[in-house]
Amino acid sequence: MKSLSDTDERLSPDGDRTPQGSRPPTDARRPRRILKPLAPSTYLIRNTGKTIPLVGVIVLAVTLVSGIIAMIDSIPYSIRTVYRYAKEETGITPRGDPTLLPQILADIRKHAPVPLERIVVCRATGSIVKSIVGKWPFLVLGLKQDDMRYYAEREGATSVLGRYPAVGKPEALISAPVAKNLDLKLGSVVLKPDDIDNYAPVPVKVVGIAQTDRWFMVDSVEFQRDNYFPPINDAMIFARTSADQEKLDHWTVNRFKGKRPVVFAYYQIEKNTKEMFATLYAILNVVISALALVITFMMGMLMNIYQSQRLVEFGLLQAIGYTKKQILRRVLSESVAVIALGWILGLGLTYALLHLAKSVLMEPRAYSLDVLDRQAYLYTVPIPLCILVVATLTVVLRFRRFDPVSVVERRLV
């Protein structure tokens, strides 16, 4: 039989020895988790009435700025999307001289810096497509039968709903985005005599819809030659690869610079679009800078008010041994957490709202909107940075003249 001294023992939570087999108190077996009282998250969680307004202001500011930029960016983005068909060819027109085109094409065949895959002689007439800012000019290309098929394949058409236009008939093939944009279907009239924007001497019906994301409209070159004047042909030059096509674009523009022919190259569309919107973005920079300044000062005042309400807390902490550096680090950590949370939630809300706008407003008319517009999100970066700078200066200046003794004395009295 074991003596009491030989019995296995263990320490209780209070430090007393208890014989093995005895059950410790329930609270000892399941200790409660206590949040660190001085952790930055503790104050923010326990004071949601102050935290939520600060986060909400940042969320609204970020959403407003990024939303505005994304919607503005949708205009040049739409231009690039609608006219992207030009990326596949280099267009050229003799500017009203029908005898000049054969000389132009002979020059290009002889001196082109890249291998040419195809040269298409065509006709073109005007049309209109819709955008969020109004009507945009568009081309209806008149092509031969084999050129139609080549052109549709070159523009990424995987299939054609319906058929290709017949020779000399008032029929048209359009791409799926054009059909959605103009609310057209098989059998719809796309060109007609009483439509100034989409004119044809006789009604032209849609007989085919090409399944591709590119925008284009084509009809029979014979139909255009019989019904549109003056009788001037244009040409499209196709290189074998995208890299060769871009090189051909630049060479052709330089080759005929200052001469009678007019060259249409996709890189010119991008260049002109950037120049067109340069002034608008300069104005936006001023507006957004002013908005960021207002939001920053407002946030600085809110933080200053909330910190003024915590003077007793700071005074007591310093009185019991915490240094100014420790308290300052805690307050700055709280500010960083609030600002980062507001910025991230603002970006998330912007993404959700842009998705909603795209599905409800843009896609039904084939309007273009990039919900992951990098520039729109980058424009929001100065907002949290400015707020962080102001918050840091506010905290540093307050603690620079902070006297914990006077705070405690006033509290005791």
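The values are calculated or read from the model by the stated rules, or taken from the named source; none is laboratory data. This is a predicted model, so every value here is computed, not measured. Backbone-built Cβ (ideal geometry, glycine too); neighbour counts: all protein chains shown. The accessibility values were calculated without ligands, DNA or RNA, using every heavy atom of the protein model including side chains. Shrake-Rupley method; radii C 1.70, N 1.55, O 1.52, S 1.80 Å.
Here are some notes:
- Candidates R255, R260: the one that is open to solvent by 50 Å² or more (accessible area, probe 1.4 Å), within 30 Å of N233 (Cβ to Cβ) and either assigned by TED's automatic domain parsing to the domain that holds R398 or out of contact with any strand residue (DSSP E or B) (no Cβ under 9 Å at 6 or more places or on another chain) (or both) is R260.
- Tabulated pairs, the stretch 95-123, first touching a residue at least 60 places away in the same chain (Cβ under 8 Å) and closer than 14 Å to N233 by Cβ, second among the polar types (S, T, N, Q) and outside any helix (DSSP H, G or I), C-beta under 9 angstrom, 6+ apart or interchain: P98/N233; L101/T93; L101/N233; V121/N233; C122/N233; R123/N233
- From the options L293, L302, residue that is in contact (Cβ under 8 Å) with a residue 60 or more places away in the chain and open to solvent by 80 Å² or more (accessible area, probe 1.4 Å): L293
- Scanning the stretch 305-350 for residues that are in contact with a Phe, Trp or Tyr (Cβ under 9 Å, 6 or more places away or on another chain) and closer than 18 Å to V371 by Cβ gives L347, T350.
- Flag if T380 is outside the structural domain of G134 (by TED's automatic domain parsing), surrounded by 18 or more Cβ atoms within 10 Å (Cβ to Cβ), of a type in the set (S, T, N, Q) and assigned to a helix (DSSP H, G or I): no
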